[in-house]
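*Asks:* Take this structure, written in structure tokens, and hold onto it; I'll ask about it next.
The values are calculated or read from the model by the stated rules, or taken from the named source; none is laboratory data. All of these numbers come straight from a predicted model, not from anything done at the bench. All Cβ positions, even for glycine, are placed from backbone atoms using ideal geometry, and neighbour counts span all protein chains on display. Side chains are part of the model used for accessible areas, which takes the heavy atoms of the whole protein and leaves out ligands, DNA and RNA. Shrake-Rupley method; radii C 1.70, N 1.55, O 1.52, S 1.80 Å.
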Amino acid sequence: MFNFNHRPRRLRQSETLRTLVRETELNPTKWVYPLFVKNENGREPISSLHGISRLGPDDVLEEIKRAIDLGVSSFALFPKIDDQLKDASGSLSRSPNDIVPQMLKKIKDKFPEAILLTDIALDPYSSYGHDGLVRNQKILNDETIELLIEQALVQAQAGTDFVAPSDMMDGRVGAIRQALDSHGYCDVGVWSYAAKYASCFYGPFRQALDSAPKSGDKKTYQMDPANKREALRELNLDLQEGADVVMVKPAGSYLDIISLFKTHSTVPVAAYQVSGEYAMIWAAHERGWLDGDRALLESLTSIHRAGADIVVTYGALHAAQLLQN
Ligand code: PBG
């Protein structure tokens, strides 16, 4: 026998001991569950996203009930808009009759304790499929912000808890914050997609909402995946502009950015495990290449370990169920 001072394995001898010394715990109350909403009732399963469907109003209420029973009480709403209702400026995004404000009212009515996030961006409503206004193949910044403000006010009026600008226009957090305050919505928060990268991992989401850009890509507004220092710049700007929560997106391939945010942010740090990350887990599972349940829990653990206080994940209900068993 050797006489080692240190034997790290000593702390790994039993499940009870490993649980005692575990540094990162999974907790469904820290997860946000995205919901794809549409006007007509009836679930439409999204084949690339295991367990996820587009949901009509009654289905949404049912799904929220299920989630709350599993300890998940926060939700992000994303609308599926029919093609014929889209136009160049995404007008429907600013209408109180749109599915998002309508669902906000229905959900708040039935589940006042639920925390609701609503997306601020034009893409699901825009015939161009871009997050901002398009002119001569350019995405206009300040003109877009005027529209985002209107979208935010409609959602605030309908009872959202957080408007979540995912559009990546410069200056939009501050402009939205001011508009909310000057209309009396000082309690509505801004949940900023602070570092959102121009990522290929959004593929299944864009298919689910039929919201892919019709031409070009999003590289003139979303960040270059190669950049880290620039994420710190975006973080600092959003903090100065009054963001209540700052988010990194995607999560799994951007753990260093999450860790950077954790060090420098004075507000809660969220990370979005996006559609492509989630889809990859189940695609490999279906081929028998790994265990999807374990991969999901491991990926969520890694995102929290990197520094995320909150994780937005399509796996929220599935993982919450796994933790219960
Ligand atoms: C668009 C938006 C996107 C996602 C959330 N909001 C897609 C995009 O930027 O093209 C992606 C989420 C996911 O992939 O799960 N404003």
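*Asks:* Taking the range 197-220 as the search range and keeping residues that are farther than 23 Å from Gln84 by Cα and open to solvent by 20 Å² or more (accessible area, probe 1.4 Å), which one is nearest to the ligand (Cβ to nearest atom)?
*Replies:* Phe201
*Asks:* Still on this structure, I have one more. Any residue in the range 79-93 that's of a type in the set (S, T, N, Q): show its pairings with residues that are in a helix (DSSP H, G or I) and open to solvent by 40 Å² or more (accessible area, probe 1.4 Å) at Cβ separation under 9 Å, as long as the two are six or more apart or on different chains.
*Replies:* Partner pairs satisfying both residue conditions: Ser91/Leu85; Ser93/Glu150.
*Asks:* Among the hydrophobic types (A, V, I, L, M, F, W, C), modelled with pLDDT of 95 or more and more than 23 Å from Asp119 (Cα to Cα) - does that describe any residue in the range 27-46?
*Replies:* Looking through the range 27-46, none of the residues is among the hydrophobic types (A, V, I, L, M, F, W, C), modelled with pLDDT of 95 or more and more than 23 Å from Asp119 (Cα to Cα).
*Asks:* If you take the residues of the range 69-95 that are assigned to a helix (DSSP H, G or I) and not small (Gly, Ala, Ser), which of them is farthest from Val37 (Cα to Cα)?
*Replies:* If we take residues in the range 69-95 being assigned to a helix (DSSP H, G or I) and not small (Gly, Ala, Ser), then Asp69 is farthest from Val37 (Cα to Cα).
*Asks:* Another question, if that's okay. Identify the single condition in (1) within 17 Å of the chain's Cα centre (by Cα); (2) part of a helix (DSSP H, G or I) that Val190 does not satisfy, given that it satisfies every other one.
*Replies:* The number of the failed condition is (2).
*Asks:* Another one. Residues being away from the ligand (no atom under 12 Å from the Cβ) and either under 29 Å from Leu49 (Cα atoms) or within 18 Å of the chain's Cα centre (by Cα) (or both): count how many of those fall in the range 233-251.
*Replies:* Within the range 233-251, residues that are away from the ligand (no atom under 12 Å from the Cβ) and either under 29 Å from Leu49 (Cα atoms) or within 18 Å of the chain's Cα centre (by Cα) (or both) number 8.
*Asks:* Considering the range 96-138 alone, what residues qualify as being under 19 Å from Pro34 (Cβ atoms) and of a type in the set (Val, Ile, Thr)?
*Replies:* Ile99, Val100, Ile107, Ile115, Thr118, Ile120
*Asks:* Go through the residues of the range 187-196 one by one and say whether even a single one is more than 16 Å from the ligand (Cβ to nearest atom) and open to solvent by less than 60 Å² (accessible area, probe 1.4 Å).
*Replies:* Within the range 187-196, one or more residues are more than 16 Å from the ligand (Cβ to nearest atom) and open to solvent by less than 60 Å² (accessible area, probe 1.4 Å).
*Asks:* Here's a follow-up. What tally of residues in the range 141-156 results from selecting those that are farther than 23 Å from Pro34 by Cα and either basic (Lys, Arg) or within 16 Å of the ligand (Cβ to nearest atom) (or both)?
*Replies:* 4
*Asks:* Only residues that are of a type in the set (Ser, Thr, Tyr) and either modelled with pLDDT under 95 or touching a helix residue (DSSP H, G or I) at 6+ places or on another chain (Cβ under 6 Å) (or both): list them for the range 78-133, please.
*Replies:* Within the range 78-133, Ser93, Thr118, Tyr125 meet the criteria.
*Asks:* Just one of Ala164, Ala152, Ala156, Ala179 is aliphatic (A, V, I, L, M) and outside any helix (DSSP H, G or I); which is it?
*Replies:* None of the other options fit; the residue is Ala164.
*Asks:* Okay, moving on. Got a sec? Which of His50, His6 is buried (at least 17 other Cβ atoms within 10 Å of the Cβ) and part of a loop (DSSP other than H, G, I, E, B)?
*Replies:* On inspection, the qualifying residue turns out to be His50.
*Asks:* While we're looking at this one, here's another question. Looking only at helices (runs of 4 or more DSSP H) that lie completely in the range 241-325, which have at least 3 residues being closer than 28 Å to Val188 by Cβ and open to solvent by 10 Å² or more (accessible area, probe 1.4 Å)?
*Replies:* 255-264
*Asks:* For the range 207-239, how many residues are in a helix (DSSP H, G or I) and modelled with pLDDT under 95?
*Replies:* 3
*Asks:* Quick check on my filter: what residues within the range 103-145 are over 18 Å from Val188 (Cα atoms) and either among the acidic types (Asp, Glu) or assigned to a strand (DSSP E or B) (or both)?
*Replies:* Asp123, Ser126, Asp131, Leu133, Val134, Arg135, Lys138, Ile139, Leu140, Asp142, Glu143
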